[in-house]
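One structure below.
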Amino acid sequence: MGHHRSEPEDASRQRLRDLARLRQVRDRIDREYARPLDVEALARGVNVSAGHLSREFRRAYGESPYAYLMTRRIERAMALLRRGDLSVTEVCFAVGCSSLGTFSTRFTELVGVPPSVYRRRAAGATAGMPSCVAKQVTRPIRNREAPVTEPQLA
């Protein structure tokens, strides 16, 4: 009979384990977005099936691991394109995308203009502007990171 009382506790322990696993996957994407990652590899890393990972990740973060990975890659690509020293193709491969077509399509969906147009505009917009101002003008789409806490001065 005592067995029934512990069930919700087991469920919440399991939930915490799942969330910890999802955070692990998200942290890995944040760290390794430029490497060839796919949902299978991410799922293998935490010993779950790709389907299970996708469902749980979407439930927790509102998008699939693949969509999150692409958002990360596009945010990084925006920064590289703003620098202006790499071509769109070079940027595409630098952020870990293996298909220029997929990269351009996703970039256009998220940013609103194709990478080539973004690169041209960013170069024009920030020319002759102090870099601190340029950074503010060209802030990325959305920021998923935890707020940066200032180091405490002892």
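Within 30 Å of A123 (Cα to Cα) and of a type in the set (F, W, Y) - does that describe any residue in the stretch 54-63? The answer is no, given that none of the residues of the stretch 54-63 is within 30 Å of A123 (Cα to Cα) and of a type in the set (F, W, Y). The residues in the stretch 58-74 that are surrounded by fewer than 21 Cβ atoms within 10 Å (Cβ to Cβ) and farther than 16 Å from R23 by Cα can be counted, and the count is 1. Only one of the numbered conditions (1) modelled with pLDDT of 95 or more; (2) over 29 Å from R120 (Cβ atoms); (3) surrounded by 14 or more Cβ atoms within 10 Å (Cβ to Cβ); (4) within 13 Å of the chain's Cα centre (by Cα) is violated by A34, and that is (2).
Filtering the stretch 48-76 to residues that are under 13 Å from the mean Cα position of the chain (by Cα) and outside any helix (DSSP H, G or I) leaves G62, E63, S64.
Say we look at the stretch 114-142 and pick out the residues that are surrounded by 13 or more Cβ atoms within 10 Å (Cβ to Cβ) and assigned to a loop (DSSP other than H, G, I, E, B); which of these is modelled with the highest pLDDT? Once the filter is applied, the top-ranked residue is P114. The selection criterion, being in contact (Cβ under 8 Å) with a residue 12 or more places away in the chain, part of a helix (DSSP H, G or I) and not polar (S, T, N, Q), does not hold for L37.
The values are calculated or read from the model by the stated rules, or taken from the named source; none is laboratory data. Keep in mind it's a predicted model, so treat the numbers as computed, not measured. FYI the Cβ positions are ideal-geometry reconstructions off the backbone, even for glycines, and counts take in every protein chain you see.
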